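Written below as structure tokens is the structure these notes are about.
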Amino acid sequence: MELPNIFLVGPMGAGKSAVGRQLARLLRREFHDSDAVIEARTGVDIAYIFEKEGEAGFRRREREVIESLAALDDIVLATGGGAVLDPANREVLASRGLVVYLEASVEQQLERTRSSGHRPLLETADPGARLAALMQERGPLYGELAVMTIATDGRHVREVAQDIRRRLMARDKET
């Protein structure tokens with residue numbers, strides 16, 4: 001199976017990191033998480049970057065990391081939920097691999113992010129409304145960029161990863 005890089009996009013709480021790790025194991029590839037790389041490079045968490053540099057500073061760092069990771073070969077990359085907002089990121093992802101959109105309902109996102117303390121965009125009185133607004137803004141970008149969309153609501157990580165692998169293998173046979 002000769003597949004290009006696999007890039008996972010989707011909202012926070014869709015399971016990009018967990019599914020990406022599992023998918024990388026199934027495909028025998030290296031896994032990267034753009035948010036984790038940003039934290040490793042800066043030595044601080046995403047919330048701290050947002051606090052000190054704002055969203056614009058974080059997005060600049062994110063663009064640099066995605067550019068460098070997408071240049072690698074045979075990887076699975078989980079991107080941050082807002083990575084698709086930057087046209088440069090969309091261009092890099094579309095040109096250097098296959099983009100898979102992990103779709104999750106706002107209800108599922110809310111359930112999965114409820115206990116997470118490191119989601120600066122959800123530090124608001126109504127996280128559900130914030131997630132809905134983010135989906136309205138980002139959802140069309142995820143869909144335009146992706147070569148396949150995988151629903152994750154109510155599904156286990158392994159099941160989603162196996163579904164992606166199966167679809168990628170079928171796609172590879174067609175080409």
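The values are calculated or read from the model by the stated rules, or taken from the named source; none is laboratory data. No experiment lies behind these values; they were computed from the predicted model shown. Every residue, glycine among them, receives a Cβ derived from its backbone with ideal geometry; neighbour counts consider all protein chains shown. Ligands, DNA and RNA are excluded from the accessible area calculation, which covers all protein heavy atoms including side chains. Shrake-Rupley method; radii C 1.70, N 1.55, O 1.52, S 1.80 Å.
A compact table of results
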| quantity | calculated |
| --- | --- |
| Gyration tensor verdict on the stretch 1-119 (Cα atoms; rounded if a/c is under 1.5, prolate if a/b is larger than b/c, oblate otherwise) | oblate |
| Charge dipole (debye, nearest 20) of the stretch 60-175; +1 at Cβ of Lys and Arg, -1 at Cβ of Asp and Glu | 200 debye |
| Largest to smallest accessible area among 73, 45 [probe 1.4 Å] | 73, 45 |
| Cα shape, the stretch 1-54, gyration tensor, a/c 1.5 rule | prolate |
| Globularity index of the stretch 46-175, i.e. its alpha-carbon radius of gyration over 2.2 N^0.38 Å | 1.12 |
| Mean Cβ count within 10 Å, highest first, over the residues of peptides 93-100, 140-147 | 93-100, 140-147 |
| Summed side-chain charge close to residue 16 - residues other than residue 16 whose Cβ falls under 10 Å, Lys, Arg +1, Asp, Glu -1 | -1 |
| Sparse-neighbourhood loop sites, GluC sites (Glu not before Pro) in the stretch 2-72 - DSSP loop, at most 16 other Cβ within 10 angstrom | 2 |
| Förster-model FRET efficiency, 41 Å R0, residue 157 and residue 52, C-beta, rounded to 0.05 | 0.80 |
| Total charge dipole magnitude, the stretch 1-147, about the Cα centre, Cβ charges on Lys, Arg, Asp, Glu only, Debye to nearest 20 | 220 debye |
| Of all accessible heavy-atom area on the stretch 35-111, the percent that carbon and sulfur account for (1.4 Å) | 48 percent |
